[in-house]
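Structure first, commentary second.
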Amino acid sequence: MSVTSDKPADPGRVHCTVEGGIARVVFDRPAARNAMTWTMYEQLAEACERIRTDRSIRVATFRGAGGKAFVAGTDIAQFLDFKGGDDGLAYEKRIDAGIERIETLPVPTIAVVEGWAFGGGMVMSAACDFRIATPDAKFGAPIARTLGNCISVANVARLNALFGPARVKRILMLAEAIGAEEAQACGFVLDVVEAAEIDRRADTLCQRLLEHAPITMRSTKEAVRRVIQAGLPDGRDLIAETYGSEDFKTGVRAFLAKEKANWQNR
């Protein structure tokens, strides 16, 4: 999880280039391990809209700049201004909308993960159809140890479907990061490739997908999404309770001060 200010000196950028039917989206803020600012979320929305509406695009890849991280979380300094559970509800709704934009794209999507994919970055990679990773890749969300917040039920469902409930509890409750080898063993990661070869592996996978029937793939990924989201329970009470707690306020202050939080269970 990474921290920025409300108006960071480097707001970062999200680039989207298109060539040969492939859209390549890059999260570009390497000095902060590509931690997402609101500017970057807005540009991500624009990139997703371009991919959604340009029928020449048949495949999309997502990756972080710099080779050290995919996305290491999101801007959390704004949490200092939260007054209660309603602020948490609004925040998680906004994050869910961003994740859904990736998940509902009508073309196959590939997350190319080098290094960290933490917090929102892990969920963004989970919203893609396939993930390839370098051996040093790690997936996690150490919020139980750091901020004391929670994630939405929709995001729990996404992670549950890919990792299984036992690993999700390790990630979210024990604050453990899952390495590339284990992520591949459980099926979350398609392939683990050395950094020098990952571009070639991504291109090979893109070319393979370009040869397949686009409507079949679109129908398949949407069917899988609907199965995962079917009957999704209302989790707003959980978000409101967690973000409205004194422990959450304590966690944010301790995290920003680089101290250990003293949880009071209230």
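Filtering the range 196-253 to residues that are farther than 21 Å from Ala127 by Cβ, outside any helix (DSSP H, G or I) and small (Gly, Ala, Ser) leaves Ala213, Gly244, Ser245. Looking at this structure, is Ala133 open to solvent by less than 10 Å² (accessible area, probe 1.4 Å) and on the phi < 0 side of the Ramachandran plot? Spelling it out, Ala133 is indeed open to solvent by less than 10 Å² (accessible area, probe 1.4 Å) and on the phi < 0 side of the Ramachandran plot. Only one entry of Gly66, Gly148, Gly73 meets the criterion of being in contact with a Pro (Cβ under 8 Å, 6 or more places away or on another chain) and under 29 Å from Lys258 (Cβ atoms), and that entry is Gly66. Within the range 187-194, can one find any residue that is open to solvent by 20 Å² or more (accessible area, probe 1.4 Å), in contact with a Leu (Cβ under 8 Å, 6 or more places away or on another chain) and closer than 24 Å to Leu232 by Cβ? Looking through the range 187-194, at least one residue is open to solvent by 20 Å² or more (accessible area, probe 1.4 Å), in contact with a Leu (Cβ under 8 Å, 6 or more places away or on another chain) and closer than 24 Å to Leu232 by Cβ.
Scanning the range 213-229 turns up no residue that is more than 23 Å from Asp129 (Cα to Cα), out of contact with any helix residue (DSSP H, G or I) (no Cβ under 7 Å at 6 or more places or on another chain), small (Gly, Ala, Ser) and open to solvent by less than 60 Å² (accessible area, probe 1.4 Å).
For the range 119-145, which residues satisfy the criterion of being farther than 18 Å from Val26 by Cα and touching a strand residue (DSSP E or B) at 6+ places or on another chain (Cβ under 8 Å)? Steps first, please.
From the range 119-145, those farther than 18 Å from Val26 by Cα are 135-136, 138-145; that's our starting set.
Passing the criteria: Pro135, Lys138, Phe139, Gly140, Ala141, Pro142.
As a summary of the residue check, Gln229 satisfies the conditions (1) within 18 Å of the chain's Cα centre (by Cα); (2) modelled with pLDDT of 95 or more except for the one numbered (2).
Within the range 161-173, can you find the residues that are assigned to a helix (DSSP H, G or I) and without any contact (Cβ under 8 Å) to a residue 60 or more places away in the chain?
Initially, the range 161-173 is screened for residues assigned to a helix (DSSP H, G or I), giving 161-163, 165-172.
If the condition is that a residue be assigned to a helix (DSSP H, G or I) and without any contact (Cβ under 8 Å) to a residue 60 or more places away in the chain, then Leu162, Phe163, Pro165, Ala166, Arg167, Val168, Lys169, Arg170, Ile171, Leu172 are the ones that fit.
Of the residues that make up the range 34-46, is at least one more than 26 Å from Leu172 (Cα to Cα), part of a helix (DSSP H, G or I) and open to solvent by 70 Å² or more (accessible area, probe 1.4 Å)? Yes, the range 34-46 contains at least one residue that is more than 26 Å from Leu172 (Cα to Cα), part of a helix (DSSP H, G or I) and open to solvent by 70 Å² or more (accessible area, probe 1.4 Å).
Among the conditions (1) touching a residue at least 60 places away in the same chain (Cβ under 8 Å); (2) assigned to a helix (DSSP H, G or I); (3) touching a helix residue (DSSP H, G or I) at 6+ places or on another chain (Cβ under 6 Å), the only one that Val189 does not satisfy is (2). Looking across the range 70-98, the residues that are buried (at least 19 other Cβ atoms within 10 Å of the Cβ) and among the aliphatic types (A, V, I, L, M) come down to Val71, Ala72, Ile76, Ile95. Every listed requirement among (1) modelled with pLDDT under 95; (2) under 16 Å from the mean Cα position of the chain (by Cα); (3) of a type in the set (Phe, Trp, Tyr) is met by Phe70 save one, (1). Find the residue count for the range 51-67, including only residues that are closer than 24 Å to Ile151 by Cβ and open to solvent by 20 Å² or more (accessible area, probe 1.4 Å). Adding up the residues that qualify gives 1. In the range 73-96, the residue that is modelled with the lowest pLDDT out of those that are of a type in the set (Gly, Ala, Ser) and touching a helix residue (DSSP H, G or I) at 6+ places or on another chain (Cβ under 8 Å) is Ala77. Of the residues making up the range 174-186, just one is part of a helix (DSSP H, G or I), among the charged types (D, E, K, R) and open to solvent by less than 80 Å² (accessible area, probe 1.4 Å), namely Glu182. Filtered by the rule that a residue be without any contact (Cβ under 8 Å) to a residue 60 or more places away in the chain and of a type in the set (Ser, Thr, Tyr), the range 99-157 gives a lone residue, Thr109.
The values are calculated or read from the model by the stated rules, or taken from the named source; none is laboratory data. Just so it is clear, the structure is predicted and the values come from calculations on it, not from any experiment. In this analysis, Cβ positions are derived from the backbone assuming ideal geometry, glycine residues included, and neighbour counts consider all displayed protein chains. To get the accessible areas, we keep the full protein, side chains included, count just its heavy atoms, and leave off ligands, DNA and RNA. Shrake-Rupley method; radii C 1.70, N 1.55, O 1.52, S 1.80 Å.
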